[in-house]
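Read the structure below first, then the notes.
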Amino acid sequence: MTDLETLGDKAKSYCLKEADSLSSLITMIKNAEMNISIPCLLYNYSGIADDLLELVSCGKVKIESKVIDFLTRETEAFQKSDYHGSNTIFFVSKRELPKIKTIIASATLNQTVYEKFIGEDLSIWNHQRNLRRGK
């Protein structure tokens, strides 16, 4: 929450467009009850988030959280939480697979067979932290 408020102040001081809408979001979060999920408004903060990200990358603002993710992803809901102190915001956002052919397998595919039948190169990412379900 502190980082969000800091960004809100910087947005006002640098006269960024949509600073008022960010201020409204901050007020809504401050007034929200603890540990209650709140659906996000159908508003995209990515425009102001891009400007804020530029301020962060130039060193004009220092943040320690994922507040830019909160503003740029398609956040569906958030909640203030006292789990890590009253300064924490949890949020849920959509994550989708890339718009390419994607195969998820529990074992490594045979690259030669894939390329022969599909006709495209195969890229393999080995994810070590996968969980097995079922038999």
Checklist entry - Out of the stretch 21-41, which residues are touching a strand residue (DSSP E or B) at 6+ places or on another chain (Cβ under 7 Å), of a type in the set (S, T, N, Q) and under 14 Å from Leu4 (Cβ atoms)? => result none
Item to check | Leading residue by the ranking (modelled with the highest pLDDT) among those in the stretch 57-70 that are under 21 Å from Phe91 (Cα atoms) and either assigned to a helix (DSSP H, G or I) or open to solvent by less than 30 Å² (accessible area, probe 1.4 Å) (or both) | outcome: Val67
Next on the checklist: Considering only the stretch 30-47, I want to know if a residue exists there that is under 20 Å from the mean Cα position of the chain (by Cα), among the β-branched types (Val, Ile, Thr) and buried (at least 17 other Cβ atoms within 10 Å of the Cβ).
Outcome noted: no
Next on the checklist: So, Lys101, is that one open to solvent by 90 Å² or more (accessible area, probe 1.4 Å), on the phi < 0 side of the Ramachandran plot, at pLDDT below 80 and in a loop (DSSP other than H, G, I, E, B) or not?
Outcome noted: yes
Item to check | Checklist (1) farther than 22 Å from Glu18 by Cα; (2) touching a helix residue (DSSP H, G or I) at 6+ places or on another chain (Cβ under 8 Å); (3) of a type outside the set (Gly, Ala, Ser) applied to Asp82, failing item | outcome: (2)
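Kindly establish whether Leu16 is open to solvent by less than 40 Å² (accessible area, probe 1.4 Å) and over 21 Å from Ser93 (Cβ atoms).
yes
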Checklist entry - When you look at Ile26, is it at pLDDT 85 or above and in a helix (DSSP H, G or I), yes or no? => result yes
Checklist outcome for this item: The condition of being part of a helix (DSSP H, G or I) and open to solvent by 90 Å² or more (accessible area, probe 1.4 Å) holds, among Glu54, Glu5, only for Glu54
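The values are calculated or read from the model by the stated rules, or taken from the named source; none is laboratory data. Quick caveat, the model's predicted, so the values are computed rather than measured. Every residue, glycine among them, receives a Cβ derived from its backbone with ideal geometry; neighbour counts consider all protein chains shown. Remember, those area values only see protein heavy atoms, side chains included, never the ligands or the DNA or RNA. Shrake-Rupley method; radii C 1.70, N 1.55, O 1.52, S 1.80 Å.
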